[in-house]
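For reference, the structure discussed in these notes is given below.
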Amino acid sequence: MLSKNQAKIIQSLRLKKFRQKYNLFVAEGMKTLQTIILSDQYQIKTLYFTKPLDFNIKNGHEITQVSIDERMMKSISFLNNPSNVLALVETLTSEQIDWQKGIYLDGVQDPGNVGTIIRIADWYGYDAVIRSPDSADFYNPKVIQSTMGAFANVHLIEMKREELLVTDMQLLAADMDGISTDQVKPAGSYTLIMGSEGQGLSKTFTNNADVLKISIVGNKDRVSESLNVSVATGIICESLKRISS
């Protein structure tokens, strides 16, 4: 049974301050649930479901399972079309780890784009996505949903811009005035920096000579001034992959 207080707490997790207060976030859908369990990075605290699950969810996890009806699921779900499973998952402390290939989000505030970039990072084998403090929270429900479970397979790190500058790796930053991605020779360890949708790169990176500015060369007769940040990330990752092969 789902109590009114439990439902209230779940709904409050839409907001970052309550995700921080309870150290919980919401993940919905069978595929996302399976990915979380297989990754073994996250601890599921409570699992709400409307239909019996057709796979083993134990896998070392001590999970409280609660059967609810579809009306209750609709009342707590963040989706327009609720899944038959919703999990309350414990958040991780932002990891301060070394990574070989990472993507840094420089003020990327749209949750959908952040989630898509995490998914792209997983697809191309990047081991970390790092966000500036003013980028969208990794555990925002829209971010989690947009990753399609990929968040559980990539290290998620929060780091100030100045901290990134002192890491011992090559820094590549997407910039309209940069050199073509075809001319870039990525090092064995590097971080790709993607700027915000509206402002582009911050001055911390544009004014730093140690940051190599790179650009996607488009049609000379194009009307569009720029690309969506997640689309641009995918194109650059594919380009860097071809060059590195």
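The values are calculated or read from the model by the stated rules, or taken from the named source; none is laboratory data. Here the structure is a predicted model, which means the values were calculated and not measured. In this analysis, Cβ positions are derived from the backbone assuming ideal geometry, glycine residues included, and neighbour counts consider all displayed protein chains. Only protein heavy atoms, including side chains, enter the accessible area calculation; ligands, DNA and RNA are left aside. Shrake-Rupley method; radii C 1.70, N 1.55, O 1.52, S 1.80 Å.
A few remarks follow.
- Residue satisfying condition, being without any contact (Cβ under 8 Å) to a residue 24 or more places away in the chain, among the aliphatic types (A, V, I, L, M) and out of contact with any Leu (no Cβ under 8 Å at 6 or more places or on another chain), within set L201, L227: L227
- Which numbered condition W99 misses (of (1) touching a residue at least 40 places away in the same chain (Cβ under 8 Å); (2) open to solvent by less than 30 Å² (accessible area, probe 1.4 Å); (3) within 30 Å of L192 (Cβ to Cβ); (4) not in a loop (DSSP other than H, G, I, E, B)): (4)
- Evaluation of G125 against (1) surrounded by fewer than 20 Cβ atoms within 10 Å (Cβ to Cβ); (2) part of a loop (DSSP other than H, G, I, E, B); (3) at pLDDT below 95 (one fails), failing number: (3)
- Members of segment 152-189 found to be crowded, with 18+ Cβ neighbours inside 10 Å and assigned to a strand (DSSP E or B), listed by number: H155, L156, I157, L171, L172, A173, A174, D175, G178
- Looking across F78, F25, one residue alone is outside any helix (DSSP H, G or I), open to solvent by 20 Å² or more (accessible area, probe 1.4 Å) and in contact with a helix residue (DSSP H, G or I) (Cβ under 6 Å, 6 or more places away or on another chain). It is F78.
- Selection from segment 116-139 of residues that are closer than 20 Å to I44 by Cβ and under 9 Å from the mean Cα position of the chain (by Cα): I118, D137, F138, Y139
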